[in-house]
Amino acid sequence: MANELYTRTNQKIFYAGLALDSWRNAEKAQNMNALALIQAEREAALFHLYGALLGLCHEIAGYYRLPDSSAPQAERFLTPAVLQAAPSQELGELVELAQSADSWVAELLKAYAALFQPPQAGKKVKVDPSTPLITAVSLDDEVEPLTHQALEAWRQQLKALAQRFRETLSEW
């Protein structure tokens, strides 16, 4: 295998696709442990998508010879300070996507960080015994798990972004 920076990005995008395929198969099989398999593949796909984003950051950092080009976290590349120290169009676009809360990059980073959080017990609402007919409801606790479609969309967007960046990064 070539030792070019882009190979890791390509691998991770491919591995994310394999995890998404396995997720789809787990949904169809409806085994007794289907929910566990689905969760495992969801996490595997998210892990590989983050790795692909990190790989893309390494590609950009390697091309522009950034000082900390082998940083182990994508977040270390996606800051305004890094962009200001070494401005580039590609890094600028990634930083903008990471800073925009509703972008797919920001959502990917947030979802990946959530993998390392311990499970949280649901918050119990204090019940006032004098008013048993009133029920307090909190919608803050209900977090929908990432969908297959969302992760596949992130994979396709990351793949397209990598291809577009590579066109501008190649020397003629």
Within segment 8-16, can one find any residue that is surrounded by fewer than 16 Cβ atoms within 10 Å (Cβ to Cβ) and assigned to a loop (DSSP other than H, G, I, E, B)?
no
Collect the residues in segment 63-88 that are surrounded by fewer than 11 Cβ atoms within 10 Å (Cβ to Cβ), among the polar types (S, T, N, Q) and over 19 Å from Leu5 (Cβ atoms), keeping them in residue-number order.
Gln84
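Pick out, from segment 75-172, the helices (runs of 4 or more DSSP H) lying fully within it that include 1 or more residues that are modelled with pLDDT of 85 or more, under 19 Å from Ala61 (Cβ atoms) and touching an Asp or Glu at 6+ places or on another chain (Cβ under 6 Å).
148-169
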Among the numbered conditions (1) under 16 Å from Trp154 (Cβ atoms); (2) buried (at least 18 other Cβ atoms within 10 Å of the Cβ), tell me where Ile60 comes up short.
(1)
Filter segment 39-68 for residues that are among the hydrophobic types (A, V, I, L, M, F, W, C) and under 16 Å from Ala111 (Cα atoms) and give the result.
Ala40, Ala44, Ala45, Leu46, Phe47, Leu49, Ala52, Leu53, Leu54
For Glu96, the lone unmet condition from (1) exposed (fewer than 12 other Cβ atoms within 10 Å of the Cβ); (2) under 16 Å from Arg164 (Cβ atoms) is (1)
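The values are calculated or read from the model by the stated rules, or taken from the named source; none is laboratory data. In this text, all values refer to a predicted model and were calculated from it rather than measured experimentally. Backbone-built Cβ (ideal geometry, glycine too); neighbour counts: all protein chains shown.
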